[in-house]
Structures are given as structure tokens and as C-alpha cells.
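Down below is the structure, laid out as C-alpha cells.
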Amino acid sequence: MRGSENDGSPCDAAVALAFSVLGKRWNGMILDALSRGALSFVALRRAVTGISDAVLSDRLSELASVELVRREVNAGPPVSVTYVLTPAGEHLIPALAMLGEWASENLRVTRA
């Protein structure tokens, strides 16, 4: 249950914490792409249209640091690296799907 608007309840802090990660451009789209299974860096770059290599690398590091994504090195041969959702990341996917549905139904994009 949400606290009142100005009471500084833990719920408000938790929402702020969630959006400190999820509110960053590309993070939601990276998590969405990984919801379909493990992907290499190149496959992720293709799945998240418009993201640069540097930003993708930065976002993957950030998502790994908050334990939503895990980097897996496969010894090979050849050696390969894939990215996969952690259990915490997997638990987030239904909430992201619901947020996407809400956005489709309630938000209208206006072009400047």
C-alpha cells in the first residue's frame, strides 16, 4: 500500500530505487530483449535498435552490478560471452510487461 504523498514511506523509496535503474534509457529494452533468452553482445545490439556499443556496454555493466543481468563466459572453443537474466531480472519481466501494456493503453506519443 502506498503512503501519502509527503510521508516519505518506504514504498516511495523503493519506487525511486527501481526507477533509478529502470528509468535510464535502454535498460528496459535490454531487459526485454533478454527475457527471450541469453544473447551475445552483438545479438543484444541488434535487438536494441539505436544503442551504441559504448552505451550497451555501460548499461550491461550497470544491470550486472544490481544483479538483474549476469555475464556468462563459455570456454568454447571458441570462447563466447552471453548475457542472461538473473532470477531477480526474470521476476521483473512480468512487471515490465504490465508497464508496457499500461503505456500502450494510456500514453500517447506526440511529435515535436
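Taking a sphere under 15 Å around the Cβ of Ala64 and counting the other residues whose Cβ falls inside, with K and R at +1 and D and E at -1, yields a net charge of -1. What residue among Leu63, Leu34, Leu22 shows peak mean-square fluctuation when the chain is described by a Gaussian network model with Cα springs under 10 Å? Greatest mean-square fluctuation among the candidates belongs to Leu22.
With a Förster radius of 25 Å applied to the C-beta separation of Ser80 and Lys24, the computed FRET efficiency comes to 0.40. A crude spin-label estimate for the pair Val42 and Thr110, with each label 7 Å from Cα along the Cβ direction, gives 4.4 nm. About the Cα centre of the chain, how large is the charge dipole given +1 on each Lys and Arg Cβ and -1 on each Asp and Glu Cβ? Please answer in debye to the nearest 20. The calculated dipole for the chain is roughly 460 debye.
Every read-out reported here was derived from the displayed coordinates using simple, explicitly stated rules and does not represent laboratory data. Note that this is a predicted model, so its numbers are computed, not measured. Backbone-built Cβ (ideal geometry, glycine too); neighbour counts: all protein chains shown.
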